[in-house]
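Scroll down for the structure; my scribbles are underneath it.
The values are calculated or read from the model by the stated rules, or taken from the named source; none is laboratory data. Keep in mind the model is a prediction, meaning the values are calculated, not measured. Positions of Cβ are backbone-derived with ideal geometry, glycine not excepted, and every protein chain shown enters the neighbour counts.
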Amino acid sequence: MKFTLTLVTTLIITCLTSGCSLQAKNIANPAVIAKPSTQSNIELQVAIASLLGQKQVLIAKSAFTKSSSLTIERVPYSSQNGQLINGRVTEKPMLFRLVIRDGQCIVQNAESEEERVLPVTKCHVL
Amino acid sequence: MTLSLNSFLNKRVNKELKKTFSTLILTSTVLLSACGGGSTSHSPSTVSGEYTWVAGTFVDDSTLDNLCVGSSNGSALTEKLWLRSWSNDTYLWYNEIDDQSPASFSISDYFTELKTNALTPSGKLKDQFHFSMSTQEWNLLNQSGASLGYGIHYHFQQKDVSLAIPRKITISYTDPDTPASAQSISRGAIIVAVDGVNVENADDDTSIASLNNGLFPESEGLEVVFTLQNFGESDTHEVTLIAERVVSTPVQNVKTIDTDNGKVGYLQFNSHIATAEKGLVDAITRLETENISDLVLDLRYNGGGLLALASQLGYMIAGDATTDKTFEKLTFNDKYPTKDPVTGSTLQPSPFHSKTIGFNAGLLTAGQDLPTLNLTRLFVLTTANTCSASESLMNSLRGIDIEVIQIGETTCGKPYGFYPTPNCGTTYFSVQFKGENDQGFGDYADGFMPTQTPSFKSEVQGCIVEDDFSKALGSETEAMLAAALVYRADDSRTCPEVSANKRAQHAFIHNIVDSAFIIEDKRPQSIFFNNRIVSLK
């Protein structure tokens, strides 16, 4: 009886201190950038470029300030007469998400779920 | 049909593996052949393991994949032969290619030869869409609608001395929340000079470079002085703009116009980019609530983009009429009557999408019912910049007997598409398919032409009206919108007078190709929408 009580108590304590709190820590909530700055935008561009395997990517300063998601598409190239080279696009654009997990602001590729932590960026739950 | 960019990037990896295997197989074949064994399936064009050109004989392009100049097993010849075999396999008009020896051509020149030279009924080249560019450049991705600039969309009138046409740059429209809108730069203003360099008279490399630098800024924070002349005014004024990262607004100017015979909705749809899905849903929801009886869809600057958006908009306009109907069916060359040569999938007609796709799930989740206006006719405003997916929307609606009334200028004429295909660091764009509507029509290579007396399927009931830079887009007095309103008033079907000269110019508009002296914007392409000033010296 004493052993059972000890076991239950231990399980509850374990749950409270590790398992349950670990579960809580792993929840990623959709977020937006709280205070966009030049530094946070540079950090975001570097992170997304890294996730795309590109040297650079153009991301507006307003990105993730009103929405927790962002679409990425090919640069729309035009021919000499001004027409889009590819005006019939069948590729689905890529989607990136901004989330908060464990107090950290994180940008994720929604399909591959690869992610990068954004240490400088301040964000809050949407 | 839709392939995600993520999948595409994975496919690139798979393609690399495939190429590695192809190389290994080729090497093995050559080695085994040398030993007197193995397959000689590539033998028609190979001599002792080396590829040669044999007229009328084509090896499978996959065996030539990425056998590049500078590699141990590749050469300029193998790159050219890959282009030849790939074109012979998938080019829509492969049987109109003159099978020339590649010997005397560079790789890029040889690619230029691998197309049809046939003409459309109006006399323009049937294939004006044959391109190649660096794969590294083509693969660059940016935030949807983002570019570096001022939020200005330019209309270029190219200089042509032989036709006494001066160079002229006009503001066609600006995007909200941009440096241009903050300075109240208005549609129709002429850019007289950029940083003191006169636009009309610039005729040397330095001046042209200066114009390009100002119009298409390379760096954020660049300050440029624009000398502007507002429409109809003789005075000029200077505006200093600072380049920044701007985001375009693809759906603008949504409004309802009260008329004696019902409400007319108007919306300006500039680009089929991902963020347009939410904009279109919001616009149609609003117009549905306002119970409009007609819609004027302004596509004059819409060069296309995501086909799925055109399909959705088709449903949002026509609603019930789209049920069980084909939005578009792709047809490839006669080697592939039933399957897509690139994806390998069986050819299936694409329906009109009646649900949200959720391109940006944070703005709009997937799988929701789209709003619809359930209209039986549609007014579209067009110019030569109305292209590809925009034309596909017009064609698909006509295919299900929605009355499309076209006000404006002839569209660009691009019922064609391709799968951009990389090889040896270059991505090639060679027409591979044509889109057809529910009635099997897709022959509008000369563009859709507005006329009051249509005789051919590519001629559309409507009026020829030139783009009117004197008025704001969405203004009821702007010439195209005004013509649409007059046309529908009491169903008068009357059009503004057009001079014979203008009518002739209109018919000829696509044939003016200025290529004698091209001044290109050569800055890194990842940070701006590329445009060019083209001029004759």
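Per-structure values
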{"read-out": "Residue within segment A:37-54 that is within 14 Å of A:I106 (Cα to Cα) and in a loop (DSSP other than H, G, I, E, B) present", "value": "no"}
{"read-out": "Complete set of residues in segment B:235-288 that are in a loop (DSSP other than H, G, I, E, B), surrounded by fewer than 20 Cβ atoms within 10 Å (Cβ to Cβ) and at pLDDT 95 or above", "value": "B:D235, B:T236"}
{"read-out": "Test: A:P93 is at the interface with chain B (Cβ under 7 Å from one of its Cβ atoms), free of Cβ contacts under 8 Å to residues at least 60 places away in the same chain, out of contact with any Cys (no Cβ under 7 Å at 6 or more places or on another chain) and not β-branched (V, I, T)", "value": "yes"}
{"read-out": "Odd one out for B:S219, checked against (1) buried (at least 16 other Cβ atoms within 10 Å of the Cβ); (2) over 26 Å from B:N385 (Cα atoms)", "value": "(1)"}
{"read-out": "Lone unmet requirement of (1) free of Cβ contacts under 8 Å to residues at least 40 places away in the same chain; (2) of a type in the set (A, V, I, L, M); (3) farther than 30 Å from B:N395 by Cα for A:I48", "value": "(1)"}
{"read-out": "Close pairs (9 angstrom Cβ cut-off, 6 or more residues apart or separate chains): at positive phi in segment B:416-430, among the hydrophobic types (A, V, I, L, M, F, W, C) anywhere", "value": "B:C424/B:L67; B:C424/B:C68; B:C424/B:V69; B:C424/B:W82; B:C424/B:I107; B:G425/B:C68"}
{"read-out": "Filter result (part of a strand (DSSP E or B) and of a type in the set (K, R)) within segment B:153-180", "value": "B:K159, B:K168"}
{"read-out": "The one condition in (1) of a type in the set (V, I, T); (2) at pLDDT below 75; (3) within 21 Å of B:S134 (Cβ to Cβ) that A:T17 fails to fulfil", "value": "(3)"}
{"read-out": "Residues of segment B:473-498 that turn out to be in contact with a Gly (Cβ under 9 Å, 6 or more places away or on another chain), at pLDDT 95 or above and not in a helix (DSSP H, G or I), as a count", "value": "0"}
{"read-out": "Residue under evaluation B:K335, criteria (1) away from chain A (no Cβ under 14 Å); (2) of a type outside the set (S, T, Y); (3) not in a loop (DSSP other than H, G, I, E, B), criterion not met", "value": "(3)"}
{"read-out": "Residue selected from segment B:126-182 under the condition over 15 Å from B:F226 (Cβ atoms) and among the β-branched types (V, I, T), by the criterion surrounded by the most Cβ atoms within 10 Å (Cβ to Cβ)", "value": "B:T135"}
{"read-out": "Test result for B:L313, at pLDDT 95 or above, part of a strand (DSSP E or B) and within 20 Å of B:T411 (Cα to Cα)", "value": "no"}
{"read-out": "Of all residues making up segment B:424-477, the number that are of a type in the set (V, I, T) and closer than 18 Å to B:K126 by Cβ", "value": "1"}
{"read-out": "Selection from segment B:331-357 of residues that are in contact with a Gly (Cβ under 6 Å, 6 or more places away or on another chain) and either more than 19 Å from B:D401 (Cβ to Cβ) or among the aliphatic types (A, V, I, L, M) (or both)", "value": "B:K355"}
{"read-out": "Matching entry among B:L378, B:L347 (being under 28 Å from B:Q432 (Cβ atoms), out of contact with any Phe, Trp or Tyr (no Cβ under 6 Å at 6 or more places or on another chain) and at pLDDT 95 or above)", "value": "B:L347"}
{"read-out": "Qualifying residue in segment B:390-401 (condition: within 24 Å of B:R488 (Cβ to Cβ) and of a type in the set (K, R))", "value": "yes"}
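For (1) under 18 Å from B:L148 (Cα atoms); (2) within 7 Å of chain B (Cβ to nearest Cβ), each residue gets a yes or a no:
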site	(1), (2)
A:L44	yes, no
A:I48	yes, no
A:A60	yes, yes
A:S67	no, yes
A:R74	yes, yes
A:S78	yes, yes
A:G82	yes, yes
A:L98	no, no
A:R116	no, no
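Condition check ((1) under 10 Å from the mean Cα position of the chain (by Cα); (2) of a type in the set (K, R)) across all residues:
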{"site": "A:L58", "(1), (2)": "no, no"}
{"site": "A:T65", "(1), (2)": "no, no"}
{"site": "A:T71", "(1), (2)": "no, no"}
{"site": "A:V89", "(1), (2)": "no, no"}
{"site": "A:L98", "(1), (2)": "yes, no"}
{"site": "A:I106", "(1), (2)": "yes, no"}
{"site": "A:K122", "(1), (2)": "no, yes"}
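Yes or no, residue by residue, for (1) surrounded by 16 or more Cβ atoms within 10 Å (Cβ to Cβ); (2) of a type in the set (K, R); (3) closer than 21 Å to B:V264 by Cα:
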position: B:S293; (1), (2), (3): no, no, yes
position: B:G305; (1), (2), (3): yes, no, no
position: B:A308; (1), (2), (3): yes, no, no
position: B:A318; (1), (2), (3): yes, no, yes
position: B:T322; (1), (2), (3): yes, no, no
position: B:L330; (1), (2), (3): yes, no, no
position: B:N333; (1), (2), (3): yes, no, no
position: B:S345; (1), (2), (3): no, no, no
